[in-house]
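Colleague: Quick one: the structure is below, and I'll ask about it shortly.
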């Protein structure tokens, strides 16, 4: 019997994973795991090599999943094509399908469908204003290009001494609500949305997935150093110290009160980064409330090149030449002096 190489790799990986399957301790069953999917997917050795020769890991970290925002979503809610166990290879998840969770304000099934509409009308949409597909449409981001499994980041309100769950807040919840599972879930869900889901440096790293791709930014005529130039500013340097009060990409490029999916091009008059609106970014109440609109004329994404910043470019080149012209001769003299000290009797013989 002839066995193809990908399947041979799969059998080998399955054989190597047997110790993990035997000795891994089973975790507690997830509340959303009605189909008992973790019966198999809880083991770290759950993997295979597919027909294209790519390694596929099917392990689900139950602890991370249960602390994520999708913990109440049934596996079948996203993997709608799985109807039997053992199942066939699952299809790619569509984030826009209706979820089994009911949205309490409308009492309808929840869906991310509205996000697709907002994203389509934004600067990251694949369709232009004429309804035609943009050039290089595959370059524009999809859901999973920016979103991984987000974790709850609950706040501690009362004393602000330490982050995390506030026992005092939970005590108030228990006055009316009796089930701790509901209390923790609701508390995490609400408080994690009262501050940034990620710190500024994480936001910059997500944007860098595309904006640091030299070929992609060249195709679309974008700045080649947008993320790097942010890191060179005061805001970027403070972000490296994980100061979450510092503005990140979304604080400037998204209008206050709007979703990040509604980000507009700076050429759009409704965009926060449009020349007519930039003054509102710096002078909002969370940043510099008494700032003059002139503060917003500062070029956050300045690139010191001859085309964009000729004055800074020549100033930088002058000091590079000045420093090199001073230090290099000095270092040469010191090197020659050291050679003479180590080899006092050395003589360069001249050819006769």
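Colleague: Sorting check: for 128-134, 306-312, which peptide has the highest mean count of neighbouring beta carbons within 10 Å, and how do the rest follow?
Modeller: Packing proxy ranking, top to bottom: 306-312, 128-134.
Colleague: Given bins 5 angstrom wide, list per bin the percent of all Cα-Cα distances in the stretch 226-348, short to long.
Modeller: Result, from short to long distances: 2, 9, 12, 15, 14, 10, 7, 6, 5, 5, 4, 4, 3, 3, 2, 0 percent.
Colleague: Here is a further query. To test your reading of the geometry: what angle, between 0 and 90 degrees and rounded to tens, separates the Cα axis of helix 310-342 from the longest principal axis of the chain?
Modeller: The answer is roughly 70 degrees.
Colleague: What order do you get for 123, 227, 321 when you list them from fewest to most C-beta neighbours inside 10 Å?
Modeller: Result, fewest neighbours first: 321, 123, 227.
Colleague: Run the simple label-point estimate for residue 316 and residue 298 please: 7 Å along Cα→C-beta, distance reported in nm.
Modeller: About 1.8 nm separates the two model spin labels.
Colleague: Above 32 angstrom, tally the Cα pairs of the chain and express them as a % of all pairs, no decimals.
Modeller: 55
Colleague: To make sure I understand, if each residue's beta carbon is the centre and we count other beta carbons within 10 Å, what order do 60, 333 fall in, fewest to most?
Modeller: So the ranking, lowest neighbour count to highest, is 333, 60.
Colleague: Next question. Between residue 309 and residue 102, what is the FRET efficiency for a Förster distance of 41 Å, r being their Cβ-Cβ separation, to the nearest 0.05?
Modeller: 0.15
Colleague: D for the stretch 159-248, whole µm²/s, Stokes-Einstein with Kirkwood Rh over alpha-carbon pairs at 25 °C and 0.890 mPa s: what number?
Modeller: Estimated via Stokes-Einstein, D reaches 153 µm²/s.
Colleague: Quick one: angle between helix 180-191 and the longest Cα principal axis of the chain, in degrees between 0 and 90, rounded to 10, please.
Modeller: Roughly 40 degrees, rounded to the nearest 10.
Colleague: How big is the gap, in Å, between the Cα center of the stretch 111-153 and the Cα center of the stretch 248-286?
Modeller: What the calculation gives is 18 Å, centre to centre.
Colleague: Can you give the convex hull volume per residue for the Cα atoms of the stretch 48-201, as a whole number of Å³?
Modeller: It is 205 Å³ per residue.
Colleague: Helix 5-16 sits at what angle to the longest principal axis of the chain, using alpha carbons and giving 0 to 90 degrees rounded to 10?
Modeller: For helix 5-16, the angle is close to 80 degrees.
Colleague: Based on the alpha carbon coordinates of the stretch 305-352, what radius of gyration and maximum Cα-Cα distance (Dmax) apply, in Å?
Modeller: Rg then Dmax for the stretch 305-352, in Å: 19.2, 58.
Colleague: Sticking with this one: Under 16 Å from the 7 Å Cα→Cβ point of residue 334, by amide nitrogen: which residues of the stretch 306-323?
Modeller: Within reach of a label on residue 334: 323.
Colleague: Select from 85, 201, 183 the residue whose mean-square fluctuation is largest in a Gaussian network model of the chain (Cα-Cα springs shorter than 10 Å).
Modeller: For the chain, modelled as a Gaussian network with Cα springs under 10 Å, the answer is 85.
Colleague: Counting other C-beta atoms within 10 Å, which of 181, 205 has the fewest, and how do the rest follow?
Modeller: Going from sparsest to densest Cβ surroundings: 181, 205.
Colleague: Taking only C-alpha pairs under 8 Å that are 6+ residues apart, what is the relative contact order of the chain in percent?
Modeller: For the chain, the relative contact order is 9 percent.
Read-outs throughout are calculated quantities, based only on the coordinates presented, and are distinct from any laboratory measurement. Remember, predicted model here, so these are calculated numbers, not experimental data. Because the Cβ atoms are built from the backbone with ideal geometry, glycine has one as well, and the counts that use them run over all protein chains shown.
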